[in-house]
Amino acid sequence: MASSKNYRDYILEQLSEVPDISCRPMMRKFLLYSGGILFGGIYDDRLLVKIVPENEKFQIPEAIPYPGGKPMYLVEDMDDKEKLTEIISATVESLKQ
């Protein structure tokens with residue numbers, strides 16, 4: 001299943017507090033970046049972020065983005081912009097190192 005542009009737009013609005021957010025289409029999915037750092041993506045209308053030590057504290061369930069893909073964290077609560085920003089910020093900071 002492809003990710004919809006409507007869902008992409010919703011996610012980008014929810015991520016509006018994340019600095020320098022950008023989105024690139026990739027094979028009917030959308031890759032998400034902050035400051036040029038790939039931190040996750042939209043896969044089949046689901047927001048998934050890379051698993052890093054700094055985001056383990058959020059106790060997010062794991063999911064597979066696509067068949068054969070590495071597990072990622074599935075962010076389910078999209079309505080809490082503050083927590084969402086905190087999750088993404090922690091992920092990006094870890095990936096900078």
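The values are calculated or read from the model by the stated rules, or taken from the named source; none is laboratory data. Please read these numbers as outputs of a predicted model, since none were measured by experiment. Please note: Cβ atoms are built from the backbone with ideal geometry, for glycine as well, and neighbour counts cover all protein chains shown. Surface areas here come from the heavy atoms of the whole protein model, side chains and all, with no ligands, DNA or RNA. Shrake-Rupley method; radii C 1.70, N 1.55, O 1.52, S 1.80 Å.
Measuring with a 1.4 angstrom probe and ignoring ligands and nucleic acids, ASP79 comes out at about 120 Å² accessible.
To put it simply, the accessible area of the chain at a 1.4 Å probe is 51 percent carbon and sulfur. Each other residue within a Cβ distance under 12 Å of ASN6 adds +1 if Lys or Arg and -1 if Asp or Glu, for a net charge of -1. Residues whose amide H lies under 5 Å from that of SER4, counting only those 5 or more places away or on a different chain, are ASP45; hydrogens are built 1.01 Å from N in the peptide plane.
Summing charges over all other residues whose Cβ lies under 13 Å from the Cβ of PRO65, with Lys and Arg as +1 and Asp and Glu as -1, gives +2. Think of a 1.4 Å ball rolled over the protein heavy atoms: the chain then has 58 Å² of accessible area per residue. Helix content alone sets the calculated 222 nm mean residue ellipticity of the chain: runs of n ≥ 4 DSSP H residues at -39500 (n - 2.57) each, divided across all residues, give -8500 deg cm²/dmol. In terms of the mean number of neighbouring beta-carbon atoms within 10 Å, the peptides 46-56, 68-78 order highest first as 46-56, 68-78.
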